[in-house]
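First the structure, in the form of structure tokens, and then the observations on it.
The values are calculated or read from the model by the stated rules, or taken from the named source; none is laboratory data. Worth saying up front: this structure is predicted, and the values here are computed from it rather than measured. Ideal geometry is used to build each Cβ from the backbone, glycine not excepted, and the neighbour counts take in all protein chains shown. These accessible areas exclude ligands, DNA and RNA; they are computed on the full protein's heavy atoms, side chains included. Shrake-Rupley method; radii C 1.70, N 1.55, O 1.52, S 1.80 Å.
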Amino acid sequence: MLIKRKSIEQVESSRRPARKPKFAPVTLSEQDGVRYLHFGTEWVQGAMRIRKPDWPELEYAQQMMAWMLFKETPQAVAQLGLGTATLTKFCYRQFPEASVTAVELNESVIAICNSMFKLPPEDERLRVLEMDALDFVEDPANHEAYDVLQCDLYDATARGPVLDTPEFYQACAACLTQDGIMTVNLFGDHPSFAKNLKAMKFAFGHVICLPEVHDGNVVALCFKTRPTLDKDALAARAAQIVAQTKLPAKSWVKGLFATD
């Protein structure tokens with residue numbers, strides 16, 4: 001089954017729409033204990049195992065957490081593009097000392113996450129903002145405010161990330177602390193891949209792409225400051241992550257050194 005995780009934020013590059021964008025209908029399906037989100041097509045936009053609602057079900061979503069190899073106790077995490085709230089929920093549960101902010105343009109996605117994907121209610125640590133991700137990262141109030149950004153911004157037609165300019169990625173970098181990290185979901189066999197990679201390398205001190213997963217997704221790790229890649233230290237940290245969360249962190253380490 002080909003799975004392409006897409007958000008339905010409908011803007012192109014750095015252009016703002018002249019009017020409120022129209023969104024594809026939000027639909028659901030279920031198979032073998034997993035609930036899937038769609039936008040009016042058969043393409044899967046996100047997934048949740050019903051008996052494990054906080055677990056990142058899709059492989060690419062697990063890879064989006066690879067920043068954990070470098071940060072054990074983040075204080076502030078932001079998610080650009082809510083999807084099924086997979087990463088938002090996981091970060092909220094896993095890091096009880098951290099504030100978690102999710103940014104989503106489509107109010108219907110927020111509503112379905114609340115009703116069908118077990119998104120926790122907002123509190124002093126959790127915020128869900130209905131707004132354009134570009135406006136969020138360009139807001140000076142958010143600059144140098146986050147340890148981690150997780151970026152997953154696609155439209156329903158799977159044409160590549162809708163925010164993909166060097167200026168957008170520069171604004172993302174501005175939102176990070178000096179040693180902050182951003183993970184980005186890309187589509188490896190799409191023409192947008194090279195464009196996004198070039199833009200990210202312009203804006204960040206160092207970019208590493210993990211190997212493509214079976215469904216075509218490629219997760220990029222963007223470092224504001226170039227990290228020290230100590231294989232033994234990263235392997236030890238990966239073992240901790242596996243023990244604490246069951247995430248496949250050892251494969252992330254292999255991926256870092258396979259592609260760096």
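Of note:
- Subset of segment 48-98 [among the hydrophobic types (A, V, I, L, M, F, W, C) and at positive phi]: Ala85
- Candidate set: segment 133-155, residues that are at pLDDT below 95 and not hydrophobic (A, V, I, L, M, F, W, C); chosen: the one nearest to Pro56 (Cα to Cα): Asp152
- Filtering Glu130, Glu107, Glu122 for residues that are open to solvent by 10 Å² or more (accessible area, probe 1.4 Å), at pLDDT below 95 and more than 28 Å from Leu210 (Cα to Cα) leaves a single hit, Glu107.
- Residues that are closer than 18 Å to Ile241 by Cβ, in contact with a strand residue (DSSP E or B) (Cβ under 8 Å, 6 or more places away or on another chain) and part of a loop (DSSP other than H, G, I, E, B), drawn from segment 59-85: Met64, Met65, Phe70, Lys71, Pro74
- Candidate set: segment 43-58, residues that are part of a loop (DSSP other than H, G, I, E, B) and under 17 Å from Phe187 (Cβ atoms); chosen: the one most open to solvent (accessible area, probe 1.4 Å): Trp43
- Breaking point among (1) touching a strand residue (DSSP E or B) at 6+ places or on another chain (Cβ under 9 Å); (2) more than 12 Å from Gln62 (Cα to Cα), for Phe202: (1)
- Residue check: Gln45 meets all listed conditions (1) under 15 Å from the mean Cα position of the chain (by Cα); (2) at pLDDT 90 or above but one, namely (2).
- Every residue from segment 86-100 that is surrounded by fewer than 22 Cβ atoms within 10 Å (Cβ to Cβ), in contact with a Ser or Thr (Cβ under 9 Å, 6 or more places away or on another chain) and outside any helix (DSSP H, G or I): Phe95, Glu97, Ala98
- Screening Asp152 against (1) of a type in the set (Asp, Glu); (2) in contact (Cβ under 8 Å) with a residue 12 or more places away in the chain; (3) open to solvent by 10 Å² or more (accessible area, probe 1.4 Å) leaves a single unmet condition, (3).
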